[in-house]
1. Which of the following values of log10 I(q)/I(0) by the Debye sum over Cα atoms at q = 0.13, 0.16, 0.19 Å⁻¹ was calculated from the structure shown: [x] -0.77, -1.01, -1.20; [y] -0.59, -0.94, -1.38; [z] -0.66, -0.99, -1.32?
2. Once the piece of chain linking residue 24 and residue 134 is laid out straight, how much longer is it, given 0.36 nm per residue of separation minus the C-alpha distance between them?
3. What ranking, highest mean first, results for peptides 8-17, 72-81, 136-145 when packing means the other Cβ atoms within 10 Å averaged over each residue?
4. So if each residue of separation counts as 0.36 nm, and I subtract the Cα-Cα distance between residue 1 and residue 142, what length gain in nm does that give?
5. Run the simple label-point estimate for residue 33 and residue 156 please: 7 Å along Cα→C-beta, distance reported in nm.
6. State the extension gain, in nm to one decimal, for the chain segment bounded by residue 149 and residue 46, taking 0.36 nm per residue of separation less the distance between their alpha-carbons.
7. Which FRET efficiency value, to the nearest 0.05, is calculated for residue 17 and residue 62 with the Förster distance at 30 angstrom and r the Cβ-Cβ distance?
8. If contacts are Cα pairs under 8 angstrom and at least 6 residues apart, what is the relative contact order of the chain in percent?
């Protein structure tokens, strides 16, 4: 089993419902178990204007799937949720990115781990730090040490009904 971290993002439809559905779908993958999920965070789209804000989160998995089959499963979940790729940076009903796969460094066509831009994005690092404060990005360092450089990126935690059930 390998600990993998998957970033969730959505800005179309009902992103909160898409998140909870994604968690269930990931937990149902063969040889895979969801072991943690962050809170939801609201952030502005990066690199594009005129789109709704995103809801983002990070999900931790223990998985027996190899990186490529895991990526293919993530893409299938996106597709099943109605994800369309009409143009680069298009708004989306669901986006699942493989951030980390253990301490592996992979650079293959269509598969780069660690995710090549995660260290530049508060919407990936803050939720990751929430569920694994000791997380480290191979070749970049500790997530906690990288976060201060992203302090200018607007991101806010969004309370959800599940939060009130967990935190009376």
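Quick note: the coordinates plus some simple rules give every number you see, no bench work behind them. Only a predicted model underlies this, so the values are computations on that prediction, with no experimental measurement involved. So basically every Cβ, Gly included, is an ideal-geometry build from the backbone, and we count neighbours across all protein chains shown.
1. [y]
2. Details: separation 110, 0.36 × 110 = 39.60 nm, distance 2.53 nm.
Stretched fully, the residue 24-residue 134 segment lengthens by 37.1 nm.
3. On the way: 8-17: 19.2, 72-81: 16.7, 136-145: 14.2.
With the highest mean Cβ count within 10 Å placed first, the list reads 8-17, 72-81, 136-145.
4. Numbers: separation 141, 0.36 × 141 = 50.76 nm, distance 2.23 nm.
Full extension of this stretch gives 48.5 nm more.
5. Between residue 33 and residue 156, the simple spin-label model gives 3.7 nm.
6. On the way: separation 103, 0.36 × 103 = 37.08 nm, distance 1.60 nm.
Extra length available between residue 149 and residue 46 comes to 35.5 nm.
7. Values: r = 25 Å, r/R0 = 0.83.
About 0.75, to the nearest 0.05.
8. Numbers: 309 pairs, mean separation 48.1, N = 168.
This gives 29 percent for the chain.
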